[in-house]
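Only one structure is covered here, and it is reproduced in the block below.
The values are calculated or read from the model by the stated rules, or taken from the named source; none is laboratory data. In this text the structure is predicted, and so the values were computed from the model without any measurement. Virtual Cβ from ideal backbone geometry, glycine too; neighbours counted across all protein chains shown. The protein model used for the area step is the full one, side chains on, heavy atoms only, and it has no ligands, DNA or RNA in it. Shrake-Rupley method; radii C 1.70, N 1.55, O 1.52, S 1.80 Å.
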Number of protein chains: 2
Amino acid sequence: MVNYSTSEENHIKAIFHLQTHSGNVSTNELARELRTKPASVTDMMKKLRDKKLLHYQPYQGFRLSTEGKKVALGIVRRHRLWEYFLAEKLKFSWEEVHAVAEELEHVSSRKLIDKLDEYLGFPRFDPHGDPIPDTEGRIRYNPQICITALELNLPAQICHVSDQSKELLELLEHKQLRIGTKVEVKKKFDFDQSLELRIKTATKQTASVMISVQLAQNIFVKHV
Amino acid sequence: MVNYSTSEENHIKAIFHLQTHSGNVSTNELARELRTKPASVTDMMKKLRDKKLLHYQPYQGFRLSTEGKKVALGIVRRHRLWEYFLAEKLKFSWEEVHAVAEELEHVSSRKLIDKLDEYLGFPRFDPHGDPIPDTEGRIRYNPQICITALELNLPAQICHVSDQSKELLELLEHKQLRIGTKVEVKKKFDFDQSLELRIKTATKQTASVMISVQLAQNIFVKHV
DNA sequence: AAAATTATTTAGACAAATCTAAAAAATGAG
DNA sequence: CTCATTTTTTAGATTTGTCTAAATAATTTT
Ligand SMILES: [Mn+2]
Ligand SMILES: [Mn+2]
Ligand SMILES: [Mn+2]
Ligand SMILES: [Mn+2]
């Protein structure tokens, strides 16, 4: 087990997230994601290529190797376990956990993470509904659909949001929509594709909520 | 609130610990403590002096400024709270906590530490019996004496060990002596100053234990 | 297909943290 | 007090991670 620097780990994890959407990741794309400069990215890609963590041909973009993916899943595991700890045990709010986990994820003691996992009761999802890889780096996804595709009046539960910007989280918080919230779609408006939802609030009451397409496209649910 | 690098923090904390024993800390002393070279220490001392964290005149050694002590106490607070978390919640053994806390102490979110403190129930002592500074950096010591100075047959409780080497911790573990262990001195042997103790084990039974002067000098107790 | 634009890489610089080897200052033994 | 030893500092090099500016390659527009 080799250890990687904080900067190397941040690059590896960012590529991992970007490559699930696009195919090969480009220099500019990664530079934007990490708020760094393209020239710096090129330097780092050469280093990670030499360490056999990714495939990289000049001007062709890059993609993680099998080994690189394994390393990335380890970092993702640490990140999400810490997020769960912060939200569940220390009562951090949903939006606050990410920044702190971004630091904690680089403390790389294997024993620490496995004991933390055990202490937390082997949670399968982080506070944003993203799956937590197990010790071997395996992820088990649950079948989920975008709320825009949910049938009318079918009970479901919010399990994932695909964008985690402050702006989105603020809006969700305001509308009382969280991971785990029970929800049904009551009406779809053709004019602007907005949705009327009925939710069960934390206090067991039901409430009616209107959401825009822009918001709906980022909310994913599973049937209950 | 300025932030300091991991290396700066390690230097500041090491000086803090060394200066309680000696007066001014010397270049060689600090280099030995941090397993680095004297030349590197001189470089770092110049930097920390420029940041007003310590007083340093060439060839005269160094000592933390008031500001430097405040920073050091913050690091010590983080270190000991994490040690407590690791031992108490994650069931790490006594000897294992230090190395991991050495990394966690550099995650500097103020909110993280204060919430962790609250979650742990504001513990006053770490697993080695060392006091945990409060939010303001205040330490409250409890009156403690070396077990060699404890009166015969007076009930006391182990609250501190002054050396934390692997070798010492191994020996204490073997003799079932831990922080919190209830103990009385039954006899002092003049020949080699060894002590016969009677302890209450974890399983509420009492047992008799012999310890050498070398060991006794490192064990501190408070009356109960 | 040539020109314009955009993306990527290279070249060279810089700050941080470390090191080795050499110089300078302090200490202490006789 | 003087000289040998020890301690500390300086000088110069190295590694890592980053940047700016310039060069080059790829892509898109006309
Ligand atoms: Mn990170
Ligand atoms: Mn997350
Ligand atoms: Mn440390
Ligand atoms: Mn401790």
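Of all residues in region A:170-209, which are surrounded by 13 or more Cβ atoms within 10 Å (Cβ to Cβ) and of a type in the set (A, V, I, L, M, F, W, C)? The answer is A:171, A:172, A:177, A:179, A:183, A:185, A:195, A:197, A:199, A:209.
Candidates are the residues of region B:3-38 that are in a loop (DSSP other than H, G, I, E, B) and in contact (Cβ under 8 Å) with a residue 12 or more places away in the chain; the one that is nearest to residue B:102 (Cα to Cα) is B:34. Just checking, how many residues over region B:210-224 are touching a residue at least 40 places away in the same chain (Cβ under 8 Å) and either open to solvent by 40 Å² or more (accessible area, probe 1.4 Å) or of a type in the set (Lys, Arg) (or both)? Residues meeting the conditions: 5.
Return the residue satisfying two criteria in turn: it lies in region B:139-169 and is assigned to a loop (DSSP other than H, G, I, E, B) and without any contact (Cβ under 8 Å) to a residue 24 or more places away in the chain, and of such residues it is least open to solvent (accessible area, probe 1.4 Å). Step by step, filter region B:139-169, then rank; the result is B:165.
Can you name the residue in region A:39-67 that is polar (S, T, N, Q) and outside any helix (DSSP H, G or I) and, of all such residues, is nearest to residue A:133 (Cα to Cα)? Of everything passing the filter in region A:39-67, A:65 is nearest to residue A:133 (Cα to Cα). Selection over region A:85-114 of residues that are open to solvent by less than 50 Å² (accessible area, probe 1.4 Å), more than 8 Å from chain B (Cβ to nearest Cβ) and over 23 Å from residue A:33 (Cβ atoms) gives a count of 5. Condition check: in a loop (DSSP other than H, G, I, E, B) and either more than 14 Å from every other protein chain (Cβ to nearest Cβ) or aromatic (Phe, Trp, Tyr) (or both). Does residue A:121 satisfy that? Considered against the rule, which asks whether it is in a loop (DSSP other than H, G, I, E, B) and either more than 14 Å from every other protein chain (Cβ to nearest Cβ) or aromatic (Phe, Trp, Tyr) (or both), residue A:121 comes out as no. Residue A:50 falls short on exactly one of the conditions (1) within 14 Å of DNA strand D (Cβ to nearest atom); (2) of a type in the set (D, E, K, R); (3) crowded, with 16+ Cβ neighbours inside 10 Å, and that condition is (3). Is there a residue in region A:115-137 that is assigned by TED's automatic domain parsing to the domain that holds residue A:79, open to solvent by 20 Å² or more (accessible area, probe 1.4 Å) and within 16 Å of DNA strand D (Cβ to nearest atom)? For region A:115-137, residues assigned by TED's automatic domain parsing to the domain that holds residue A:79, open to solvent by 20 Å² or more (accessible area, probe 1.4 Å) and within 16 Å of DNA strand D (Cβ to nearest atom): absent.
Quick check on region B:56-84: of everything there that is hydroxyl-bearing (Ser, Thr, Tyr) and within 16 Å of DNA strand D (Cβ to nearest atom), which residue is nearest to the other protein chains (Cβ to nearest Cβ)? Steps first, answer last, please.
So the first thing to find is which residues in region B:56-84 are hydroxyl-bearing (Ser, Thr, Tyr), and the list is B:56, B:59, B:65-66, B:84.
From what is left, the residues that are within 16 Å of DNA strand D (Cβ to nearest atom) are B:56, B:59.
Details: B:56: 29, B:59: 36 Å.
This residue is B:56.
When residue A:166 is tested against (1) in contact with a strand residue (DSSP E or B) (Cβ under 8 Å, 6 or more places away or on another chain); (2) within 30 Å of residue A:212 (Cα to Cα), just one condition goes unmet, and that condition is (1). When each of A:79, A:11, A:21, A:55 is tested for being open to solvent by 40 Å² or more (accessible area, probe 1.4 Å), modelled with pLDDT of 95 or more and not acidic (Asp, Glu), the lone residue that passes is A:55. Among the residues of region A:94-123, those identified as basic (Lys, Arg) and farther than 15 Å from residue A:4 by Cα are A:111, A:115. You will find that of A:83, A:8, A:102, the residue that is farther than 30 Å from residue B:87 by Cβ and within 16 Å of ligand 1 (Cβ to nearest atom) is A:8 and no other.
Quick one: would you say residue B:68 is under 30 Å from residue B:118 (Cα atoms), more than 15 Å from the chain's Cα centre (by Cα) and either assigned by TED's automatic domain parsing to the domain that holds residue B:169 or open to solvent by less than 50 Å² (accessible area, probe 1.4 Å) (or both)?
When the stated conditions are applied, residue B:68 passes them.
Checked against the criterion of being small (Gly, Ala, Ser) and over 16 Å from residue A:6 (Cα atoms), region A:40-53 has no qualifying residue.
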